[in-house]
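Just below is one structure, and these are the notes that go with it.
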Amino acid sequence: MAHKFVIEQNKAGEYVAKFKYNSEVIFWTEGYTTKASAKNAIESIQKNGPGAPVEEG
């Protein structure tokens, strides 16, 4: 699969959920103190993201 979510720790020790496509980071979340919070962020993106509108500025 060319795309995936990855949870990594940043230099501050926080957990960050990243969305990667072909090993390139497309976007990432804020840092969370627990891995469970990062997993919740991924679940929220998967649940709410498909129907999200696109805004152009």
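The values are calculated or read from the model by the stated rules, or taken from the named source; none is laboratory data. Since we're looking at a predicted model, the values are computed, not measured. Note that each Cβ is placed from the backbone with ideal geometry, even for glycine, and that neighbours are counted across all protein chains shown. Areas reflect the complete protein model, heavy atoms only, side chains present, ligands, DNA and RNA absent. Shrake-Rupley method; radii C 1.70, N 1.55, O 1.52, S 1.80 Å.
Tabulated results
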read-out: Cross-chain or 6+ apart pairs with Cβ under 6 Å, the range 11-28 first and more than 17 Å from Ala41 (Cβ to Cβ) and at pLDDT 95 or above, then assigned to a strand (DSSP E or B) and open to solvent by less than 100 Å² (accessible area, probe 1.4 Å); value: Tyr21/His3
read-out: The range 1-27 - residue that is among the charged types (D, E, K, R) and open to solvent by 80 Å² or more (accessible area, probe 1.4 Å) and, of those, nearest to the chain's Cα centre (by Cα); value: Lys4
read-out: Members of the range 38-56 that are aliphatic (A, V, I, L, M) and surrounded by fewer than 10 Cβ atoms within 10 Å (Cβ to Cβ); value: Ala52, Val54
read-out: Test result for Lys35, over 21 Å from Ala2 (Cα atoms) and surrounded by 10 or more Cβ atoms within 10 Å (Cβ to Cβ); value: yes
